[in-house]
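Trainee: Sharing a structure below in structure tokens format, with a few things to ask.
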Amino acid sequence: MSAEDIARNITPASMQAMVFDKPGSPLRLVTMAVPEPYPTQVLVKITACGVCRTDLHVIDGELPHPKLPLVPGHEIVGTVVRTGKNVISLKQGDVIGIPWLGYTCGVCRYCLRQQENLCEKALFTGYTMDGGYAEYTVAYEQFCFSLAAQYAGPEGTPLLCAGLIGYRSYVMTGSNVRRLGIYGFGAAAHILIQVARHQGVEVYAFTRDGDKGSQDFALRMGATWAGDASARPPEVLDAAIIFAPAGELVPSALQSVDKGGVVVCGGIHMSDIPSFPYRLLWEERVIRSVANLTRKDGHDFLQLAPAVAIRTETQHFSLSQANEALDALRKGRIKGAAVLVM
Ligand SMILES: [Zn+2]
Ligand SMILES: [Zn+2]
């Protein structure tokens, strides 16, 4: 019996998934057909899928034109159970990670200048392609990552977006950073602080005002200082990363960074940024956003993760509890990352 026959025998015809229909209504648990991989795709049995703030932005209708109906989720760890006929490097039984960047065209001007994160024809897992709030999914082989053994379970899922986007944001702060501010201490921050500390960078963590729980969490994770987002840090910062989707943090962060400092907005959606005096930007301070990821970011970060010995804190939910997980994330009740475990 060929590997393909074995896969067919163990792969059922139908699966359970949590499906998004329209903004404002909760996800629905449905039984649907297990998807068929295209020739360059693999079929993956999902072990776990992280719940990311971007999923909330999709579900709240803050991101335009999602695939509908949609299976959300873009921090997927699973096992390849079948390969399309043109798949070269992956085989049945391989444990892989599937990130937000699901496909790029390879020929547009962005792809050709190493900015595939900006590709005009990009597809995004759990947004314009079905994602990981399900028992199975398909993914393009070239956009899957292999994972170190310690990240082959639920603990690995937050690396695939929170970790990756956090890392790309961190790289964008430049190479002269000794004191880094992080606004919003959730999934991305709790991973990034481990990279920063490993490199001897001091982290100043800002949370929602009065959120002592998150401030204690940041201090436990090695922050030099933790306080309210409206507060000034005790030292001037070399750079800051804003993960919280709150535009009013931009002028705040600018006020806290030194001359020449960069403020990176790491989220896909943010409320409007209020106007602010030019003196906050003066002296070559920079504001920039980070959009999506490239495969190079993924390879670089997933190679770094075991060297840093990154550990993630995860709160587990079952697939059918996806709405509860999203609600807990929305209310700031998740310490670390929420993960659906199939
Ligand atoms: Zn392209
Ligand atoms: Zn994400």
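The values are calculated or read from the model by the stated rules, or taken from the named source; none is laboratory data. This one's a predicted model, so the numbers in the text were calculated from it and none came from an experiment. All Cβ positions, even for glycine, are placed from backbone atoms using ideal geometry, and neighbour counts span all protein chains on display.
Trainee: Against the condition more than 16 Å from ligand 1 (Cβ to nearest atom), under 29 Å from residue 336 (Cβ atoms), out of contact with any His (no Cβ under 7 Å at 6 or more places or on another chain) and among the hydrophobic types (A, V, I, L, M, F, W, C), how does residue 51 come out, does it pass?
Mentor: It is true that residue 51 is more than 16 Å from ligand 1 (Cβ to nearest atom), under 29 Å from residue 336 (Cβ atoms), out of contact with any His (no Cβ under 7 Å at 6 or more places or on another chain) and among the hydrophobic types (A, V, I, L, M, F, W, C).
Trainee: Also, quick follow-up: Being near ligand 1 (Cβ under 10 Å from one of its atoms) and in contact with a Gly (Cβ under 8 Å, 6 or more places away or on another chain) is the filter here; which residues of segment 120-149 pass it?
Mentor: 122, the sole residue that qualifies.
Trainee: Would you confirm whether any residue within segment 29-36 is in a strand (DSSP E or B) and within 16 Å of ligand 2 (Cβ to nearest atom)?
Mentor: Checking segment 29-36: not a single residue is in a strand (DSSP E or B) and within 16 Å of ligand 2 (Cβ to nearest atom).
Trainee: Evaluate the following for residue 71: is it within 28 Å of residue 315 (Cα to Cα) and in the same structural domain as residue 151 (by TED's automatic domain parsing)? If you could, list the steps in order and put the result at the bottom.
Mentor: Details: within 28 Å of residue 315 (Cα to Cα): yes; in the same structural domain as residue 151 (by TED's automatic domain parsing): yes.
Answer is yes for this residue.
Trainee: Now for a different question. From the list 64, 23, 12, 39, pick out the single residue that is in a loop (DSSP other than H, G, I, E, B), away from ligand 1 (no atom under 16 Å from the Cβ) and in contact with a strand residue (DSSP E or B) (Cβ under 9 Å, 6 or more places away or on another chain).
Mentor: 12
Trainee: Additional query: Could you look through segment 91-119, keep only residues that are under 18 Å from residue 152 (Cβ atoms) and in a loop (DSSP other than H, G, I, E, B), and pick out the one that is nearest to ligand 1 (Cβ to nearest atom)?
Mentor: Filtering segment 91-119 for residues that are under 18 Å from residue 152 (Cβ atoms) and in a loop (DSSP other than H, G, I, E, B), the one nearest to ligand 1 (Cβ to nearest atom) comes out as 99.
Trainee: Here's something else I'd like to know. For residues that are surrounded by fewer than 23 Cβ atoms within 10 Å (Cβ to Cβ) and not in a helix (DSSP H, G or I), scanning just segment 49-61, find the one that is farthest from ligand 2 (Cβ to nearest atom).
Mentor: Within segment 49-61, the match that is farthest from ligand 2 (Cβ to nearest atom) is 61.
Trainee: A further question on this structure: Looking only at residues that are hydrophobic (A, V, I, L, M, F, W, C) and in a helix (DSSP H, G or I) in segment 139-160, which one is modelled with the lowest pLDDT?
Mentor: Per the stated criteria, the residue is 149.
Trainee: Scan segment 69-92 and tell me whether some residue there is crowded, with 24+ Cβ neighbours inside 10 Å, over 18 Å from residue 269 (Cα atoms), among the small types (Gly, Ala, Ser) and at pLDDT 95 or above.
Mentor: Looking for residues that are crowded, with 24+ Cβ neighbours inside 10 Å, over 18 Å from residue 269 (Cα atoms), among the small types (Gly, Ala, Ser) and at pLDDT 95 or above, one finds at least one in segment 69-92, hence yes.
Trainee: Within segment 292-342, how many residues are assigned to a loop (DSSP other than H, G, I, E, B) and either within 14 Å of the chain's Cα centre (by Cα) or over 20 Å from residue 217 (Cα atoms) (or both)?
Mentor: Count: 6.
Trainee: Looking for whichever is within 16 Å of ligand 2 (Cβ to nearest atom), touching a residue at least 60 places away in the same chain (Cβ under 8 Å) and surrounded by fewer than 21 Cβ atoms within 10 Å (Cβ to Cβ) here; the options are 145, 124. Which one fits?
Mentor: Numbers: 124 fails: surrounded by fewer than 21 Cβ atoms within 10 Å (Cβ to Cβ).
Result of the check over 145, 124: 145.
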